[in-house]
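One structure is given here, and the rest of the page talks about it.
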Amino acid sequence: MNQNIINARVTFRNSPIHILEKFTIKNMENAYEQFKKHSGLDECVIIQTCNRIELFGKSKTYDLDKIKKTWASLTGLEEEVFDENMEFGENQEALHHLLKLTSGLDSMVLGEEQILGQIKNSITSAREIKASGKHLNTLFDKAIRIGTRIRNSSGISRGGISVGSMAVKLAEENIDELKTKRILLIGAGEVSTLVAKSLQRRGYAFDVASRTIGRSQAFCETMGGTPIKFEEVLSGFENYNVLFVATTAPYFLVTHEKITNAMKDKNNGMMILDLSNPRTVDEKVATIGGVKLMNLDQIAEMVEKNMKTRLNKVKTIENIINEEVAVLEASMKRLDAEPLVKEVFKNIENLREKELQKALQMLGEKDEKKIKIIEELTKAVVESIVSTPMNNIRKASEQGKPDVVKLASKLFDYKKQNQAD
Ligand SMILES: NC(=O)c1ccc[n+]([C@@H]2O[C@H](COP(=O)([O-])OP(=O)(O)OC[C@H]3O[C@@H](n4cnc5c(N)ncnc54)[C@H](OP(=O)(O)O)[C@@H]3O)[C@@H](O)[C@H]2O)c1
């Protein structure tokens with residue numbers, strides 16, 4: 001490639017979260033400005049999530065030390081820490097990595113969807129502030145399309161995978177007409193968020209109880225559900241058919257006695273999913289007639305099984321990525337010839353137009369129909385002469401033959417060739 005595509009990254013693969021955080025870039029606009037000014041990169045895109053901070057760049061000549069230096073100055077880190085934590089790849093490797101990102105293969109939870117949205121946001125904001133240009137815009141648009149296609153065809157992103165969505169799936173499998181049943185979520189923390197998201201996505205109504213009503217209210221404002229007073233639910237489980245329990249309480253919140261009492265007045269069953277570790281639902285409730293209890297170990301086992309299905313797809317996806325990288329690389333290389341091709345077409349078009357006007361003036365031609373015929377003739381002549389060499393230049397560029405592009409630049413007297421386009 002005449003131009004290089006680079007990727008410098010610090011991710012959860014090499015660095016624990018507390019170290020990773022230190023590489024976080026706070027002021028994105030300033031970071032783009034600094035990388036472009038001081039690292040020899042003329043296009044940049046930064047992807048920043050809780051699991052990774054990644055810089056993609058385009059440059060004819062870049063300097064890795066300068067990239068590290070700039071990143072260090074943005075974060076206040078010593079340059080040496082980059083050697084232990086930073087991974088680097090260029091061209092084919094960088095493209096390959098981007099496809100792994102968009103297809104979900106590099107994610108902590110294989111195939112998770114979030115990363116694709118985060119990459120879309122990164123390229124959109126880089127584009128808006130003109131940090132990225134023709135190369136990275138084209139690369140990211142294509143990589144997002146390829147990643148989406150891979151996800152759809154392989155099904156790697158399909159199926160519940162978090163403990164939250166797996167718990168909801170289990171409730172669906174065990175309870176008839178779940179939509180008509182009353183669901184209670186106890187806890188308003190991280191795991192409850194996963195459960196709520198899944199319930200919300202599938203259109204189930206649910207109540208939320210947390211120790212303080214304020215926390216439940218705040219939770220429901222963002223996650224959906226109806227906040228219910230904690231004391232009320234602890235003495236009234238009979239109103240519910242499904243309980244999701246996800247708290248860090250150091251004792252049983254849901255006791256044998258409470259459920260026995262609740263089941264006395266009920267004429268239908270109850271499913272309890274205890275997502276807590278240590279457990280906050282007494283195991284003995286499983287002995288009460290009409291009660292089905294599932295604990296975190298059983299739910300985690302299902303997640304694990306589901307994960308295996310995803311793992312089986314990795315090899316197939318890797319093969320697709322390897323094929324796609326070659327195509328992506330060719331379209332990047334092709335971009336190297338585009339400024340020359342564009343310039344040649346523009347110059348020839350100007351010449352054609354100038355000579356056409358000259359000829360029409362000499363002929364004194366006024367008949368629109370005849371003028372149109374002459375104009376079409378000039379266009380056809382130009383097209384038939386120029387198209388083939390231009391396509392060959394593009395092809396040579398795609399095939400990684402910069403010498404041909406260089407020679408063509410000379411032949412067509414193209415001066416901008418060495419400038420960043
Ligand atoms: N995070 C994970 O990846 C993960 C995965 C699987 C299972 N788990 C397990 O799921 C449980 C919840 O984890 P989390 O990450 O959601 O925790 P979290 O974000 O810290 O939330 C904890 C929740 O428990 C509530 N709570 C704490 N002590 C309580 C008590 N004495 N009585 C009633 N409620 C109490 C808190 O209520 P307040 O808001 O009132 O404090 C809060 O709603 C834990 O047992 C954990 O081991 C976690």
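Applying the selection to region 392-416, what residues are of a type in the set (D, E, K, R) and either crowded, with 18+ Cβ neighbours inside 10 Å or under 24 Å from residue 326 (Cα atoms) (or both)?
Answer for region 392-416, where residues must be of a type in the set (D, E, K, R) and either crowded, with 18+ Cβ neighbours inside 10 Å or under 24 Å from residue 326 (Cα atoms) (or both): 394, 395, 398, 401, 403, 406.
Of the residues 277, 241, which single one is among the polar types (S, T, N, Q), surrounded by fewer than 16 Cβ atoms within 10 Å (Cβ to Cβ) and within 19 Å of residue 168 (Cα to Cα)?
Within the list 277, 241, the selection yields 277.
Does region 244-268 hold any residues that are in contact (Cβ under 8 Å) with a residue 40 or more places away in the chain and surrounded by fewer than 17 Cβ atoms within 10 Å (Cβ to Cβ), and which are they?
Within region 244-268, 248 is the sole residue that qualifies.
From the list 266, 258, pick out the single residue that is out of contact with any strand residue (DSSP E or B) (no Cβ under 6 Å at 6 or more places or on another chain), assigned to a loop (DSSP other than H, G, I, E, B) and of a type in the set (D, E, K, R).
Just one listed residue meets the conditions, 266.
Which condition does residue 179 not pass, out of (1) under 28 Å from residue 216 (Cβ atoms); (2) more than 16 Å from the ligand (Cβ to nearest atom); (3) assigned to a loop (DSSP other than H, G, I, E, B), if it passes all the others?
Only one criterion in (1) under 28 Å from residue 216 (Cβ atoms); (2) more than 16 Å from the ligand (Cβ to nearest atom); (3) assigned to a loop (DSSP other than H, G, I, E, B) is unmet by residue 179, namely (3).
Give region 1-46 a look and list any residue that's closer than 14 Å to residue 70 by Cα and among the basic types (Lys, Arg), or say none.
Across region 1-46, the qualifying residues are 9, 26, 36, 37.
I'm trying to understand the selection: among the residues of region 142-157, which are among the basic types (Lys, Arg) and surrounded by 14 or more Cβ atoms within 10 Å (Cβ to Cβ)?
Listed by number, the residues that qualify are 142, 149, 151.
So which residues in region 204-232 are within 25 Å of residue 174 (Cβ to Cβ), more than 11 Å from the ligand (Cβ to nearest atom) and more than 31 Å from the chain's Cα centre (by Cα)?
207, 226, 228
Looking only at region 294-310, count how many residues are β-branched (Val, Ile, Thr) and either more than 16 Å from the ligand (Cβ to nearest atom) or at pLDDT 95 or above (or both).
1
When region 194-237 is examined, which residues are found to be surrounded by 15 or more Cβ atoms within 10 Å (Cβ to Cβ), among the acidic types (Asp, Glu) and part of a helix (DSSP H, G or I)?
Result: no residue meets the conditions.
Would you tally the residues in region 255-274 being within 16 Å of the ligand (Cβ to nearest atom) and over 21 Å from residue 169 (Cβ atoms)?
Looking only at that region, the number is 2.
Name every residue in region 190-227 that is in contact with a Ser or Thr (Cβ under 7 Å, 6 or more places away or on another chain), farther than 22 Å from residue 113 by Cβ and not aromatic (Phe, Trp, Tyr), in order of residue number.
207, 208, 209, 210, 216, 220, 227
Which of the following residues is charged (D, E, K, R), out of contact with any His (no Cβ under 8 Å at 6 or more places or on another chain) and under 23 Å from residue 281 (Cα atoms): 182, 202?
182
Of the conditions (1) closer than 29 Å to residue 110 by Cβ; (2) crowded, with 20+ Cβ neighbours inside 10 Å, residue 68 fails just one. Which one is it?
Going through (1) closer than 29 Å to residue 110 by Cβ; (2) crowded, with 20+ Cβ neighbours inside 10 Å one by one, residue 68 breaks only (1).
Within the group 84, 78, 21, which residue is more than 28 Å from residue 141 (Cβ to Cβ), more than 19 Å from the chain's Cα centre (by Cα) and in a loop (DSSP other than H, G, I, E, B)?
None of the other options fit; the residue is 78.
Check region 14-36 and report whether any residue there is in contact with a Leu (Cβ under 6 Å, 6 or more places away or on another chain), buried (at least 19 other Cβ atoms within 10 Å of the Cβ), hydrophobic (A, V, I, L, M, F, W, C) and farther than 20 Å from residue 80 by Cα.
There is no residue in region 14-36 that is in contact with a Leu (Cβ under 6 Å, 6 or more places away or on another chain), buried (at least 19 other Cβ atoms within 10 Å of the Cβ), hydrophobic (A, V, I, L, M, F, W, C) and farther than 20 Å from residue 80 by Cα.
How about region 275-293: which of its residues are part of a strand (DSSP E or B) and either within 13 Å of the ligand (Cβ to nearest atom) or over 20 Å from residue 261 (Cα atoms) (or both)?
Matches in region 275-293: 281 only.
The values are calculated or read from the model by the stated rules, or taken from the named source; none is laboratory data. Quick caveat, the model's predicted, so the values are computed rather than measured. Cβ sites come from the backbone with ideal geometry, for glycine too, and all protein chains shown count toward neighbours.
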